[in-house]
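Trainee: The structure under discussion is supplied below as structure tokens; questions concerning it will follow.
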Amino acid sequence: MKSRKQMAVVISFCICVLLCSCSSFDASGYVKAVLDSSYKNQTETYIELTGITEEDAQKIFQNNLDVTMQAFKSEKLSAELEMQYRELFGQILKQVKYSVGEAQKEKDGSYKTIVTIEPITLFDDTYHSFQAEAEVYAKSITDTVMNGEPMPSDEEIQEQVYQLYYDILKNAMDSGVKYGTAEKLELHIEKKDRKTYEIRKEDLQTLDGKLISRKLLMEEEHS
């Protein structure tokens, strides 16, 4: 079902973060500061390293939430339920797990480091529960219509299905976030010119796609 696929958390941020080059440049600390700002809304170190304002630093996390919520723009959900999802996704983002290893300097002046991630399995863990609940709901609609009750509107059905999924995800979150097998990814901090560094965008996107597992949802997409 299209709406169910859209509800997976897809936090794809394409940020180009620049830092003044200096002899004391801490590449590993820089990577961690970027990830902490983007996923956990922890901006203090990022502000110190980059010199940007607190307001601009706060926007990084909020922009990630905006990207996540874009899937709801074409859906006619109530403002209350949409806000509940935004709060839930914010909680999920802050639970992502990663650790940044020591950086190695390359001959061209750039750096590379290994980031170890443990993917959140929330969406995989709740996939079958949601399917079962949705089937029960669909049957209840059929039964009420067969008994002479009016058919709910598409908007009413959609709202109820999204509410079912929210309740399942929220209950699973409240029970404790679970994580999958750890995986190591290589990130490159490229020297763009004499004064600036930038984390390779493709590396960030790869990392982002693995922090929250969508294995079962993606299998359904390709089935």
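The values are calculated or read from the model by the stated rules, or taken from the named source; none is laboratory data. It should be emphasised that the depicted structure is a prediction, and the values quoted were computed from it without experimental measurement. As a convention, Cβ positions derive from the backbone with ideal geometry for all residues, glycine included, and neighbour counts pool all protein chains shown. Ligands, DNA and RNA are excluded from the accessible area calculation, which covers all protein heavy atoms including side chains. Shrake-Rupley method; radii C 1.70, N 1.55, O 1.52, S 1.80 Å.
Trainee: If we keep just the residues of region 15-39 that are among the β-branched types (Val, Ile, Thr) and at pLDDT below 90, which is most open to solvent (accessible area, probe 1.4 Å)? Walk me through it before giving the result.
Mentor: Here is the first cut: in region 15-39, the ones among the β-branched types (Val, Ile, Thr) are 15, 17, 31, 34.
Of the ones still in play, those that are also at pLDDT below 90 are 15, 17.
Numbers: 15: 41, 17: 7 Å².
Here the residue is 15.
Trainee: Looking for whichever is at pLDDT 95 or above and within 30 Å of residue 161 (Cβ to Cβ) here; the options are 67, 115, 96, 100. Which one fits? Give the derivation first.
Mentor: On the way: 67 fails: at pLDDT 95 or above; 115 fails: within 30 Å of residue 161 (Cβ to Cβ); 100 fails: within 30 Å of residue 161 (Cβ to Cβ).
Result of the check over 67, 115, 96, 100: 96.
Trainee: Select from region 85-97 the residues that are under 19 Å from residue 171 (Cβ atoms), out of contact with any Lys or Arg (no Cβ under 8 Å at 6 or more places or on another chain) and in contact (Cβ under 8 Å) with a residue 60 or more places away in the chain and list them in ascending order. Break it down into steps so the answer makes sense when it comes.
Mentor: First pass over region 85-97, keeping only residues under 19 Å from residue 171 (Cβ atoms): 85-95.
Still in the list and also out of contact with any Lys or Arg (no Cβ under 8 Å at 6 or more places or on another chain): 85-87, 89-92, 95.
85, 89, 91, 92, 95 - these are the residues of region 85-97 that are under 19 Å from residue 171 (Cβ atoms), out of contact with any Lys or Arg (no Cβ under 8 Å at 6 or more places or on another chain) and in contact (Cβ under 8 Å) with a residue 60 or more places away in the chain.
Trainee: Of the residues in region 179-216, how many are in contact with a helix residue (DSSP H, G or I) (Cβ under 6 Å, 6 or more places away or on another chain) and farther than 19 Å from residue 106 by Cα?
Mentor: Residues that pass the stated criteria total 4.
Trainee: Sticking with this structure for a sec: Quickly run through region 112-122 and pick out the residues that are open to solvent by less than 30 Å² (accessible area, probe 1.4 Å) and under 30 Å from residue 24 (Cβ atoms). Outline the logic, then answer.
Mentor: Residues of region 112-122 that are open to solvent by less than 30 Å² (accessible area, probe 1.4 Å), as a first pass: 113, 115, 117, 119-122.
Residues satisfying the conditions are 113, 115, 117.
Results for (1) in contact with a strand residue (DSSP E or B) (Cβ under 7 Å, 6 or more places away or on another chain); (2) at pLDDT below 95, shown as yes or no for each residue.
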residue	(1), (2)
167	no, no
170	no, no
174	no, no
185	yes, no
197	yes, yes
201	no, yes
208	no, yes
212	yes, yes
218	no, yes
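Trainee: Related question: Test of understanding: among 42, 91, which residue is at pLDDT 90 or above, part of a loop (DSSP other than H, G, I, E, B) and more than 25 Å from residue 154 (Cα to Cα)? Talk me through it step by step, then tell me what you get.
Mentor: On the way: 91 fails: part of a loop (DSSP other than H, G, I, E, B).
Unique residue meeting the criteria: 42.
Trainee: Now a separate question. For the list (1) in contact with a Ser or Thr (Cβ under 7 Å, 6 or more places away or on another chain); (2) open to solvent by 40 Å² or more (accessible area, probe 1.4 Å); (3) assigned to a helix (DSSP H, G or I), I need the number of the one condition that residue 125 fails.
Mentor: (1)
Trainee: Within region 95-111, track down each residue that is buried (at least 20 other Cβ atoms within 10 Å of the Cβ) and part of a loop (DSSP other than H, G, I, E, B).
Mentor: Of everything in region 95-111, those that are buried (at least 20 other Cβ atoms within 10 Å of the Cβ) and part of a loop (DSSP other than H, G, I, E, B) turn out to be 96, 103.
Trainee: Of the numbered conditions (1) closer than 20 Å to residue 206 by Cα; (2) small (Gly, Ala, Ser); (3) out of contact with any strand residue (DSSP E or B) (no Cβ under 7 Å at 6 or more places or on another chain), residue 51 satisfies every one except a single condition; which is it?
Mentor: Exception for residue 51: condition (1).
Trainee: Can you name the residue in region 49-70 that is under 12 Å from residue 87 (Cα atoms) and open to solvent by less than 60 Å² (accessible area, probe 1.4 Å) and is also farthest from the chain's Cα centre (by Cα) among such residues?
Mentor: By that ranking, first place goes to 69.
Trainee: Separate question: Which members of region 52-78 meet the condition of being in a loop (DSSP other than H, G, I, E, B) and in contact (Cβ under 8 Å) with a residue 24 or more places away in the chain? Quick ask: steps written out before the conclusion?
Mentor: The initial filter retains those residues of region 52-78 that are in a loop (DSSP other than H, G, I, E, B), namely 52-53, 73-78.
75, 76, 77, 78 - these are the residues of region 52-78 that are in a loop (DSSP other than H, G, I, E, B) and in contact (Cβ under 8 Å) with a residue 24 or more places away in the chain.
Trainee: Given (1) among the small types (Gly, Ala, Ser); (2) crowded, with 17+ Cβ neighbours inside 10 Å; (3) more than 22 Å from residue 34 (Cα to Cα), where does residue 213 come up short, assuming only one miss?
Mentor: (3)
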